[in-house]
Amino acid sequence: MRDAKRLAAIRRLPCIRCGNPHSQAAHSNSSRDGKGRGIKADDSKTIPLCFKCHTAFDRFELGNRAESEAMFEKWLVKTNRMLVMEDREVF
């Protein structure tokens with residue numbers, strides 16, 4: 001499922017790995033999240049990663065597949081918390 005609003009919100013967050021303020025919406029690389037050859041995972045399975053971290057994540061340079069999936073799940077929980085906090089901000 002595609003969700004332009006979520007993707008835009010993800011891009012406003014800093015990189016979940018290094019804190020770089022310029023992030024991209026990085027999709028899960030797991031088939032259990034809908035990832036397939038030429039098919040991105042569901043947009044609900046996105047986290048903010050800067051270009052450098054996103055590239056390393058997609059190339060499995062941060063760990064093997066199992067480690068990468070575990071890392072992504074932790075980052076997804078944190079990302080979803082950050083989005084809820086952002087929605088509650090009062091200026």
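What the table shows:
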read-out: Residues satisfying the stated conditions in region 5-19, i.e. over 18 Å from residue 51 (Cα atoms) and in contact (Cβ under 8 Å) with a residue 12 or more places away in the chain; value: 6
read-out: Of all residues making up region 23-42, the number that are under 10 Å from the mean Cα position of the chain (by Cα) and either at pLDDT below 70 or farther than 14 Å from residue 73 by Cα (or both); value: 3
read-out: Tally, over region 43-82, of residues that are modelled with pLDDT under 95, under 13 Å from the mean Cα position of the chain (by Cα) and part of a loop (DSSP other than H, G, I, E, B); value: 3
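The values are calculated or read from the model by the stated rules, or taken from the named source; none is laboratory data. Values in this document were obtained by computation on a predicted structure and should not be read as measured data. With ideal geometry, Cβ positions are generated from the backbone for all residues, glycine too; neighbour counts draw on all protein chains shown.
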